[in-house]
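S.K.: What follows is a structure written as structure tokens; I'll ask about it next.
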Amino acid sequence: MSQTEQLEKVVANFSSAPEGIRKQLSDGHAKFMTTWDASKTIRVGDKLPAFTMPDATGKLVSSASLLSSDKGGALLITFYRGEWCPFCNIALSNLQKHLPEFQARGVTLVAVSPELPNNNLSTAEKHALQFPVLTDLHNSYARELGIVYDMSAARDLHKSLGINLQERQGGSVGNGNGDGDGDGDESWDVPIPASFLVDKEGTVRNLRIEPDYWTRLDPKVALEWIDAL
């Protein structure tokens, strides 16, 4: 079954959910689509901002080390929402499926989510991922790239399903005055699913940002990007 077919199967399952659940999901998506400013995202031709993030074992991994890889230096970065998201799981599994093809082209894969390392470790083990899975704590890096999605409209729905993003993501950033009452304390932010192909000089050569989180970049398209470099 292709990635597209797998994603469509999940969408079909959602279509059979109770009307109240479908309404909350659609309302949240509509709210985001009316407030997200696509002009503020990183663009093709931009330099990728430097980062250092912990991997699933807690080891710090930097963009400089990934780009200086002796495998060639090109880097494909994929942002995903979390292990709780079935669409993300499908996308990660398909990247792993095509990993040998990326490696044969000298490309390093890395996945990024706001989930704490222990949750990312669960994701890596569940899908037998053989590429780094990094934690972007509080979505700080995703925010810098302009790819943050506010899921607060669906907070109650997700909590009723046993999904608590604040617990999975380690809480949220306060206002810095130490009183614990920061503006972000109730944040239910996640990254917009996105993929960036970065050349060995650190320049973004291709990107795909998916505000419609039900669709994802097909690994075969990413391989076409690489072949065109």
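The values are calculated or read from the model by the stated rules, or taken from the named source; none is laboratory data. The shown structure was predicted, so the numbers you read here are calculated from the model rather than taken from an experiment. Cβ: placed from backbone, ideal geometry, glycine included. Neighbour counts: every protein chain shown.
S.K.: Kindly indicate whether any position in segment 179-190 is modelled with pLDDT of 85 or more, buried (at least 22 other Cβ atoms within 10 Å of the Cβ) and not in a loop (DSSP other than H, G, I, E, B).
M.R.: The answer is yes, given that some residue of segment 179-190 is modelled with pLDDT of 85 or more, buried (at least 22 other Cβ atoms within 10 Å of the Cβ) and not in a loop (DSSP other than H, G, I, E, B).
S.K.: Restricted to segment 31-59, and to residues that are free of Cβ contacts under 8 Å to residues at least 24 places away in the same chain and closer than 22 Å to residue 150 by Cβ, which residue is farthest from the chain's Cα centre (by Cα)?
M.R.: Out of the qualifying residues, it is 34.
S.K.: Sticking with this one: So which residues in segment 6-24 are more than 15 Å from residue 215 (Cα to Cα) and either of a type in the set (Gly, Ala, Ser) or touching a residue at least 60 places away in the same chain (Cβ under 8 Å) (or both)?
M.R.: 15, 16, 17, 20, 21, 24, listed by residue number.
S.K.: Quick one: in segment 60-105, of everything that is small (Gly, Ala, Ser) and in a helix (DSSP H, G or I), which residue is nearest to residue 150 (Cα to Cα)?
M.R.: 91
S.K.: Identify, please: which residue in segment 191-229 is of a type in the set (Ser, Thr, Tyr) and crowded, with 18+ Cβ neighbours inside 10 Å and is, among those, nearest to residue 149 (Cα to Cα)?
M.R.: Ranking the qualifying residues of segment 191-229, first place goes to 213.
S.K.: Would you be able to tell me the number of residues in segment 116-148 that are touching a Pro at 6+ places or on another chain (Cβ under 7 Å), farther than 30 Å from residue 100 by Cβ and not in a helix (DSSP H, G or I)?
M.R.: The number of residues fulfilling the criteria is 1.
S.K.: Please indicate, with yes or no, whether at least one residue in segment 103-120 is in contact with a helix residue (DSSP H, G or I) (Cβ under 6 Å, 6 or more places away or on another chain), among the hydrophobic types (A, V, I, L, M, F, W, C) and more than 21 Å from residue 204 (Cβ to Cβ).
M.R.: No - not one qualifying residue is present in segment 103-120.
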